[in-house]
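Reading through the structure tokens given below for one structure.
The values are calculated or read from the model by the stated rules, or taken from the named source; none is laboratory data. The structure presented is a predicted model; accordingly, all values stated were derived computationally and were not measured. Note that each Cβ is placed from the backbone with ideal geometry, even for glycine, and that neighbours are counted across all protein chains shown.
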Amino acid sequence: MPSPADCSSLAEVRAEIDRIDRAVIALIGERAGYVHAAARFKSSEADVAAPDRQASMIVARRAWAEAADLDPDVVEKLYRDLVAYFIVRETEHWTRNQSSNAKQGPNVRD
């Protein structure tokens, strides 16, 4: 993979952008798995949104954006959109798990 400065054509630049975007999307998919896993550790639907976690996460992502010489406002918007999407998905996952657990009944040990 050539560096941006070493690309010799627009097609090569676009191919590298596509390669990176595929990796970014794969990482978002990996992140989704952890979001679903987090639902197992939350005791109420209200815990899913975790506003304190969101706030601290946004602060960190803004700092990471600045360190990468990116616009922190753009990165914040991207993460706010991503988190909003995942909150909906995690809430659905949490609700399904609660319904499944309720159908199974309480664990009884002999």
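Worth a mention:
- Those residues of region 27-48 which are of a type in the set (Phe, Trp, Tyr) and either outside any helix (DSSP H, G or I) or surrounded by 13 or more Cβ atoms within 10 Å (Cβ to Cβ) (or both), in sequence order: PHE41
- Within region 31-70, tally of residues that are among the charged types (D, E, K, R) and within 18 Å of HIS93 (Cα to Cα): 5
- Counted residues, region 2-48 - those being over 13 Å from the mean Cα position of the chain (by Cα) and either modelled with pLDDT of 90 or more or hydroxyl-bearing (Ser, Thr, Tyr) (or both): 24
One line per residue, one yes/no per condition, for (1) touching a helix residue (DSSP H, G or I) at 6+ places or on another chain (Cβ under 9 Å); (2) closer than 23 Å to GLN98 by Cβ:
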| position | (1), (2) |
| --- | --- |
| ALA11 | no, no |
| GLU16 | yes, no |
| ARG19 | no, no |
| ALA23 | no, no |
| LYS42 | yes, yes |
| GLU45 | yes, yes |
| VAL48 | yes, yes |
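- In region 49-71, the residue that is farthest from the chain's Cα centre (by Cα) out of those that are outside any loop (DSSP other than H, G, I, E, B), surrounded by 15 or more Cβ atoms within 10 Å (Cβ to Cβ) and small (Gly, Ala, Ser) is ALA65.
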